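Notes for the one structure printed next.
The values are calculated or read from the model by the stated rules, or taken from the named source; none is laboratory data. Everything quoted here is computed from the prediction, not taken from an experiment. Note that we place each Cβ from the backbone using ideal geometry, even for glycine, and neighbour counts take in every protein chain shown.
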């Protein structure tokens, strides 16, 4: 399996004007041949596909108001999806439209996911006198393990341990 590495968004030579839409500079037949070669594993064909359509993917993603880091991730996911599905495209000449649609859907998914994640800065802070929740949990687990070990002692040793003044916390 070949590795796809889209050019960085800063690479202006690889970007196309968003006004071009999903159209390629190449004819439909040339795009179809290029997609067929990529589906067959031709790395040069993949490089040409990325050169041809990376600007389109990038402009679609950025038009959704995604920050640069997320845009790079979504762009990479879009290319990865093409890599996985290239052999199953119904109309290979319309690979640009497929990429644009996939990029749009990934942006919508990213927006939905971002809205559903809780904001950690709104969580209540533990009061200064109380131990942190994880410290309290660890202490309870330690106590349970200790008392389970004490319960495995002989009756004489348990009696001796309890008579030393320690109370069972559990």
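Looking only at the range 131-170, which residues are assigned to a loop (DSSP other than H, G, I, E, B), touching a helix residue (DSSP H, G or I) at 6+ places or on another chain (Cβ under 8 Å) and modelled with pLDDT of 65 or more? Show your work before the answer.
Pass one, the range 131-170, residues assigned to a loop (DSSP other than H, G, I, E, B): 131-132, 152-154, 164-170.
Adding the requirement that they be touching a helix residue (DSSP H, G or I) at 6+ places or on another chain (Cβ under 8 Å) leaves 131, 153, 168-170.
Scanning the range 131-170 gives 131, 153.
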So, first residue assigned by TED's automatic domain parsing to the domain that holds residue 105 and free of Cβ contacts under 8 Å to residues at least 40 places away in the same chain in the range 67-92, second residue buried (at least 18 other Cβ atoms within 10 Å of the Cβ) and outside any helix (DSSP H, G or I), Cβ within less than 7 Å, six or more apart or across chains; the pairs are 74/66
Residue count for the range 52-87, restricted to those that are surrounded by fewer than 16 Cβ atoms within 10 Å (Cβ to Cβ) and part of a loop (DSSP other than H, G, I, E, B) | 3
Condition check for residue 37: modelled with pLDDT of 95 or more and either assigned by TED's automatic domain parsing to the domain that holds residue 109 or in a loop (DSSP other than H, G, I, E, B) (or both) | yes
